[in-house]
1. Could you check the spin-label model distance between MET87 and SER106? Points 7 Å from the Cα along Cα→Cβ, value in nm.
2. What net charge is computed for the residues neighbouring ALA14, neighbours being all others with C-beta under 15 Å from the C-beta of ALA14, Lys and Arg scored +1, Asp and Glu -1?
3. Mean Kyte-Doolittle hydropathy of 0.0 or higher plus an axial Cα length of 27 Å or more: which whole DSSP H helices in the chain meet both?
4. Starting from the alpha-carbon convex hull of the chain, give the projected area averaged over all orientations, in nm².
5. Obtain the nm distance between the two label points defined at LEU71 and HIS212 by a simple spin-label model: each point lies 7 Å from its Cα along the Cα-to-C-beta direction.
6. What lysines does LYS42 reach when the alpha-carbon gap must be under 20 Å and sequence neighbours fewer than 8 apart in one chain are set aside?
7. Given the -39500 (n - 2.57) contribution per DSSP H run of 4+ residues, what per-residue ellipticity at 222 nm results for the chain, rounded to the nearest 500 deg cm²/dmol?
8. What is the distance in Å between the Cα centroid of segment 142-214 and that of segment 12-41?
Amino acid sequence: MTLIGIDFSLNSPALCALTGEDYTFISFFNYGGRPKDRPTPKAFKVHKELMELDAIAGISYNRQVKAGDFLLEERLKLTDARLISCMISARVQEYPDSLIAIEGFSYGSKGNSFLDMVAYNTVLRHALVEQCGIDQFHVFQPSAVKKIAGKGNANKFYMFEAFRDNRLKDPLLEKHALWQWCQGKEFEKEIPKPIDDLVDSYFIVRALSSFHNL
């Protein structure tokens, strides 16, 4: 039985899979159509470093949505949502015997980006349910995931520190290159991408494990 946690975002979804003896971390990131034969932009330096260490698998994609004509923009969003959901669900298909979890919506959020988040997330949910069945699919409240890390209203810094310090005393985590990379790291202004998304995907897996007493 594989446990899969997905932290969804429009530009940097993350997936964590626990297969009994090891964790696998995958970062899906919007590379924005940049040429791959040029120097890596600063925003993706951490992605590159973690991929070179085999700490994560990195899968880039290019979002095509641009502001402008409303009808065209909304049509492109549908295409974009399908692209991202197919990309994620293709990786989930590699684990046929699995339980899957994502985090529910944060209803305190506002604005057009939140509406897009709901739309994209709904497309992904549909793809995952079609793939694995409704009984294998779980949606956890954000506060429930954060409580696993130690505090129901935890911010990104708290979540990172809970991961870095291995507050769950997870022996498998300490063997992983991603956890080892995090040792000694201190972030004051922001958690760099894709670390915050990967951390959240880990705690979603742990919430799933706790729910099923695994």
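Nothing in this text is a laboratory measurement; each read-out follows from the coordinates by a stated rule. These numbers were taken from a predicted model, which means no experiment stands behind them. Every residue, glycine among them, receives a Cβ derived from its backbone with ideal geometry; neighbour counts consider all protein chains shown.
1. 2.2
2. Net of charged neighbours comes to -1.
3. Details: long enough: 70-92 (33 Å, 0.56); 112-132 (30 Å, 0.32).
What comes out of the filter, once short or polar helices are dropped, is 70-92, 112-132.
4. On the way: hull surface 49.5 nm².
For the Cα atoms of the chain, the hull's average projected area reads 12.4 nm².
5. 4.7
6. LYS185, LYS189, LYS193
7. Working: 8 runs with 96 residues, N = 214.
Result for the chain: -14000 deg cm²/dmol, rounded to the nearest 500.
8. Measuring centre to centre over Cα atoms gives 17 Å.
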